[in-house]
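Take a look at the structure set out below.
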Amino acid sequence: MTRTQESAGTAQLRRVEGRHNPLVKELRQAFAHAERTAGGDCAIEGLRVVEEAIRSGLRFRAVFFKESGQNLAERLLPQIGSQVEKLLLPDKLFDGAVASESPQGVAALVRLKTFSVEDVFERVQVGPIVIVIGLQDPGNLGTILRSAEAFGSAGVVVGEGTVSPFNSKVIRASAGSFFRLPVVEVRELSQVLTRLRGQGLHLIATSSHKGVALDQAKLTGAVAMFVGNEGSGLPRDLLAQVDETVVIPHSAQVESLNAGVAGSIVLYEAARQRQR
């Protein structure tokens, strides 16, 4: 191994040639499985995503630069702590470790704050709790996370059948909101429903076909809203347990709205009603 000092200052990049380097293996596996590493770190990729992680105050464990993208090191290293591992990888090694097909040249392992369902429930007066079930498109989940932060949600509960929030496309689509918003994965939705009922929350389901018009629904107070699968919507047994189903009026020529868009519109309406 050799050391290459980047031109901006004192920070150094440690050149790594082998794919069996422990940090490179952790990065590759975290991207491949869309989950945290055994040590609790999340893999992220791309200039804007890394800059959002810095802006959000996340703690970096390691940052990886592609050899042909060393200019990014000059931009980012002055913003990253001195105790962080900084590695320079050959292009082929970097491309094989990250998730995107056209890598920008920077990736990192960062430590996210861990939230519980209780943390989300404690924030219910802040705004609606969003519960997503069966949402499989990472862009849709990322959009909902971004809108949830923008419109003051208490947090997002990721239910069964939903794409992992640690998926790199979800993180990219969230535009940094995933780093700051309470997001919790749950396996037993029935337990969450029991808790919601016990705390007296008003349970609302989104629908593309029938229900109360969105502007007529009451979205103030302690509310939990459910967003379902892009094609099939929410399970029937769940729909039978909610207090109200809301529908967003739109042109009859459009069969339904994108799940991310629909969730965002409901969140906006909830914020509007609260401000009013």
| query | Are any of the residues in the range 210-217 assigned to a loop (DSSP other than H, G, I, E, B), under 27 Å from the mean Cα position of the chain (by Cα) and either at pLDDT 90 or above or not aliphatic (A, V, I, L, M) (or both)? | reply | no
| task | Can you confirm whether the range 46-57 contains a residue that is in contact with an Asp or Glu (Cβ under 8 Å, 6 or more places away or on another chain) and either in contact (Cβ under 8 Å) with a residue 40 or more places away in the chain or more than 20 Å from residue 180 (Cβ to Cβ) (or both)? | result | no
| Within the range 150-165, which residues are over 14 Å from the mean Cα position of the chain (by Cα) and either of a type in the set (A, V, I, L, M, F, W, C) or not assigned by TED's automatic domain parsing to the domain that holds residue 131 (or both)? | 151, 154
| said: Here is a check on your reading of the model: is residue 121 touching a residue at least 40 places away in the same chain (Cβ under 8 Å), surrounded by 14 or more Cβ atoms within 10 Å (Cβ to Cβ) and aromatic (Phe, Trp, Tyr)? | reply: yes
| request: Please find, within the range 166-196, the residue that is surrounded by the most Cβ atoms within 10 Å (Cβ to Cβ) out of those that are among the β-branched types (Val, Ile, Thr) and within 8 Å of the chain's Cα centre (by Cα). | output: 171
| query | Under the condition of being in contact (Cβ under 8 Å) with a residue 12 or more places away in the chain and out of contact with any helix residue (DSSP H, G or I) (no Cβ under 8 Å at 6 or more places or on another chain), which residue from the range 218-232 is nearest to residue 196 (Cα to Cα)? | reply | 222
| message | Among the listed residues 138, 128, identify the single one that is without any contact (Cβ under 8 Å) to a residue 60 or more places away in the chain and surrounded by 15 or more Cβ atoms within 10 Å (Cβ to Cβ). | response | 138
| For residue 213, are the conditions met, namely being touching a Ser or Thr at 6+ places or on another chain (Cβ under 8 Å), aliphatic (A, V, I, L, M) and in contact (Cβ under 8 Å) with a residue 24 or more places away in the chain? | no
| Count of residues meeting criterion [in a helix (DSSP H, G or I) and more than 20 Å from the chain's Cα centre (by Cα)] in the range 54-84 | 13
| Just for helices (runs of 4 or more DSSP H) wholly inside the range 128-209: which have at least 1 residues that are at pLDDT below 95 and either farther than 20 Å from residue 237 by Cα or among the aliphatic types (A, V, I, L, M) (or both)? | 189-198
| field | Given (1) modelled with pLDDT under 90; (2) touching a strand residue (DSSP E or B) at 6+ places or on another chain (Cβ under 8 Å); (3) outside any helix (DSSP H, G or I), index of the condition residue 245 fails | value | (1)
| note | Taking the range 15-35 and keeping only residues that are surrounded by 14 or more Cβ atoms within 10 Å (Cβ to Cβ) and part of a helix (DSSP H, G or I), one is left with 23, 24, 25, 26, 27, 28, 29, 30, 31
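The values are calculated or read from the model by the stated rules, or taken from the named source; none is laboratory data. All of these numbers come straight from a predicted model, not from anything done at the bench. Cβ sites come from the backbone with ideal geometry, for glycine too, and all protein chains shown count toward neighbours.
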